[in-house]
Amino acid sequence: MAGIQVIVEDAQPINVRLGDTVTVNQGGDGGSTGGDTVLDISMLTPSYYMVINDQWQDTGLSVTLPEAGDYVINMNAGGGLVTSADGSNGVQGRLYNVTDDSVVPNSTGYFVATNCTTSIAEFGQINLEVPITVTSETVIRLEAYLNNSAVTSVGLISGDDAGDGTGVNISRLKVTKRA
């Protein structure tokens, strides 16, 4: 079963797996934010390559929010750009609500944005924690956008190409249901 390791400042790492309840204590007062439950941790397999310019594309990475409620989606995604010509170039990512056919608010960011004069290869990360409230079962996917004025560019959203979940920049979506 897929899992993640959580490292809290000044504390020992803990491993979190699907279905685990995570209680976060704030400060030294013993207070808690509640028992949020990790419902899904999905990773992109394999990497997604973009050659189509100026349109949002489905990367193949999605998660399902199983019922009405309040959730947090942690987007930890890696993306890159290789270009062999001058111009303004970029690779963006966002979360898209497939069920409601809408962009998830506050979920769009740049992996890479550059104005180059020579060939380049750039890589970047988007790390966002996005709260979302849904009224029924909802599918959320990671979309990517290649924006380039260069003649030859390829965008990449990093995935688990080895198939073992150990890559450094594998794009992941984690869903937590708020208590």
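The values are calculated or read from the model by the stated rules, or taken from the named source; none is laboratory data. Given the structure is predicted, the values throughout are model-derived calculations rather than measurements. Glycine also receives a Cβ, built like all others from the backbone with ideal geometry; neighbour counts cover every protein chain displayed.
Values for this structure:
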{"item": "In segment 45-94, the residues that are assigned to a strand (DSSP E or B), closer than 15 Å to Ala113 by Cβ and of a type in the set (D, E, K, R)", "result": "Arg94"}
{"item": "Criterion (modelled with pLDDT of 90 or more, charged (D, E, K, R) and surrounded by 21 or more Cβ atoms within 10 Å (Cβ to Cβ)) met by exactly one of Glu143, Glu129", "result": "Glu143"}
{"item": "Subset tally (residues that are surrounded by fewer than 21 Cβ atoms within 10 Å (Cβ to Cβ) and either touching a Leu at 6+ places or on another chain (Cβ under 7 Å) or over 13 Å from Ile157 (Cβ atoms) (or both)) for segment 63-79", "result": "8"}
{"item": "Counted residues, segment 19-59 - those being touching a strand residue (DSSP E or B) at 6+ places or on another chain (Cβ under 6 Å) and modelled with pLDDT under 55", "result": "8"}
{"item": "Selection from segment 96-123 of residues that are closer than 21 Å to Thr138 by Cβ, among the hydrophobic types (A, V, I, L, M, F, W, C) and either modelled with pLDDT under 95 or outside any strand (DSSP E or B) (or both)", "result": "Val98, Val104"}
